[in-house]
Amino acid sequence: MIIDFHVHTFPAEIRDHRERFFDAEPEFKLLYEPPKSKLVSAEDIIDMMDDQGVDISVVFGFPWRTPATCRRNNDYVIEAVTKYPDRLRGFCCVDSLNPDAAEEVQRCLDAGLSGVGELAFYGCGIDGECQLSLDPIMALCRERDVPVLLHTNEEVGPFYPGKTPNTMIQIYETMARFPDNTIVLAHWGGGIFFYHLLKKAVKETLKNVYYDTAASPFLYDSRIYRYAKELVGLDKVLLGTDYPLLKPDRYIKEMNEAGLSHTDMDKVCGQSAARLLKMTD
């Protein structure tokens, strides 16, 4: 089974008229103003899945500042997973700094969504205020035993749209604040799993943390899969394509280049995700 844990989707009014949302949503503008930045429907995702041999995709929208837009995108995700229950799982996406964010999360989980994310702080790092804003959302997710997907990225290297000023200590402090939550860090957690080489504290702090591979072909040498296997185990790594940014075959190619066995690839491409989504006993 192949499960893609990181796919973005938007309703028609956003796909067809993205420019109408730029003024109120500077982070959305930063990412999606370039015409080459694609916005896709649930049907587009199903077509991609059929073409690429993907069984299940985890879909979500964007952490909109505007509550009405946030709710509409989440409603579209709810509609999509209702229409394609055997192919899609949905996550609720919010701006956690909005005081009504936890209420929206509860509404979406009550409607059948499977987790929360991708939560992101594109305009800032995951500072103290942002960490505090996550408290009620994380509490709900612990109560419901559902995963939370957080956007993270590396501190060094070139800037690109969507690269936030998060620091490694901010990521680590956030994980330490919520040790009992199941948390998936997008984009390999910005490389924080390399700190498993430290002898004290880190392994325990990150024990419930998973890492998705979103944008990996743009960011990391394919050897990262081998290092992840050695340091955290591939049962903690989830295939995430960030589609429509990339399709799964780019990731499969890099796993093959890294020399992963079929057993290893099965873990990354579906087994671990199925466990998080409670698709296995």
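Restricting attention to region 203-231, report how many residues are surrounded by 21 or more Cβ atoms within 10 Å (Cβ to Cβ) and of a type in the set (S, T, N, Q).
Counting residues in region 203-231 that are surrounded by 21 or more Cβ atoms within 10 Å (Cβ to Cβ) and of a type in the set (S, T, N, Q) gives 2.
Can you work out which of the residues in region 254-277 that are touching a residue at least 24 places away in the same chain (Cβ under 8 Å) and part of a loop (DSSP other than H, G, I, E, B) is nearest to residue 4 (Cα to Cα)?
That would be 277.
Quick one: is residue 189 of a type outside the set (A, V, I, L, M, F, W, C) and on the phi > 0 side of the Ramachandran plot?
Working: of a type outside the set (A, V, I, L, M, F, W, C): yes; on the phi > 0 side of the Ramachandran plot: yes.
Criteria met by residue 189.
Please note which helices (runs of 4 or more DSSP H) are completely contained in region 65-147 and include at least 1 residues that are in contact with a Gly (Cβ under 7 Å, 6 or more places away or on another chain), within 30 Å of residue 159 (Cβ to Cβ) and modelled with pLDDT of 95 or more. It would help to see each step written out before you state the result.
Details: elements: 67-83, 101-110, 128-133, 135-144.
Answer list for region 65-147: 67-83.
Checking the conditions here, which among 70, 93, 108 is on the phi < 0 side of the Ramachandran plot, in contact with a Leu (Cβ under 8 Å, 6 or more places away or on another chain) and crowded, with 16+ Cβ neighbours inside 10 Å? It would help to see each step written out before you state the result.
Working: 70 fails: in contact with a Leu (Cβ under 8 Å, 6 or more places away or on another chain); 108 fails: in contact with a Leu (Cβ under 8 Å, 6 or more places away or on another chain).
On inspection, the qualifying residue turns out to be 93.
Working only within region 203-225, note down all residues that are part of a loop (DSSP other than H, G, I, E, B) and either acidic (Asp, Glu) or without any contact (Cβ under 8 Å) to a residue 40 or more places away in the chain (or both). Spell out the reasoning first.
At the first step, the residues of region 203-225 found to be part of a loop (DSSP other than H, G, I, E, B) are 206-208, 213-215, 220-223.
Across region 203-225, the qualifying residues are 206, 207, 208, 215, 220, 221, 222, 223.
Give me the pairs, please: first residue somewhere in region 226-237 and within 20 Å of residue 275 (Cβ to Cβ) and acidic (Asp, Glu), second residue anywhere and modelled with pLDDT of 95 or more and surrounded by 14 or more Cβ atoms within 10 Å (Cβ to Cβ), beta-carbon distance under 6 Å, and either six or more positions apart or on two chains.
Sorted first by the residue in region 226-237, then by its partner, the pairs are 235/267; 235/272.
Out of the residues in region 231-246 that are touching a strand residue (DSSP E or B) at 6+ places or on another chain (Cβ under 9 Å) and part of a loop (DSSP other than H, G, I, E, B), state the one that is farthest from residue 193 (Cα to Cα).
244
Checking residue 155 against (1) buried (at least 18 other Cβ atoms within 10 Å of the Cβ); (2) part of a loop (DSSP other than H, G, I, E, B), only one condition comes out false. Which one?
Failing condition for residue 155: (1).
Within region 43-64, restricting attention to residues that are in contact with a strand residue (DSSP E or B) (Cβ under 7 Å, 6 or more places away or on another chain) and part of a helix (DSSP H, G or I), which residue is surrounded by the fewest Cβ atoms within 10 Å (Cβ to Cβ)?
If we take residues in region 43-64 being in contact with a strand residue (DSSP E or B) (Cβ under 7 Å, 6 or more places away or on another chain) and part of a helix (DSSP H, G or I), then 48 is surrounded by the fewest Cβ atoms within 10 Å (Cβ to Cβ).
Only residues that are over 13 Å from the mean Cα position of the chain (by Cα) and either aliphatic (A, V, I, L, M) or assigned to a loop (DSSP other than H, G, I, E, B) (or both): list them for region 176-185, please. Give the steps one after another, and end with the answer.
First pass over region 176-185, keeping only residues over 13 Å from the mean Cα position of the chain (by Cα): 176-181.
Result: 176, 178, 179, 180, 181.
Would you call residue 224 out of contact with any helix residue (DSSP H, G or I) (no Cβ under 6 Å at 6 or more places or on another chain), more than 15 Å from residue 1 (Cβ to Cβ) and among the β-branched types (Val, Ile, Thr)?
Numbers: out of contact with any helix residue (DSSP H, G or I) (no Cβ under 6 Å at 6 or more places or on another chain): yes; more than 15 Å from residue 1 (Cβ to Cβ): yes; among the β-branched types (Val, Ile, Thr): yes.
Answer is yes for this residue.
Select from region 186-202 the residues that are assigned to a helix (DSSP H, G or I) and of a type in the set (A, V, I, L, M) and write down the one among them that is surrounded by the fewest Cβ atoms within 10 Å (Cβ to Cβ).
Quick first cut of region 186-202, residues assigned to a helix (DSSP H, G or I) only: 187-197, 202.
Keeping just the survivors that are of a type in the set (A, V, I, L, M) gives 192, 197, 202.
Values: 192: 21, 197: 11, 202: 18.
That would be 197.
The values are calculated or read from the model by the stated rules, or taken from the named source; none is laboratory data. Since the model is a prediction, treat every value here as computed from it, not as a measurement. Methodologically, a virtual Cβ is constructed for each residue, glycine included, from the backbone with ideal geometry; neighbour enumeration extends over all protein chains shown.
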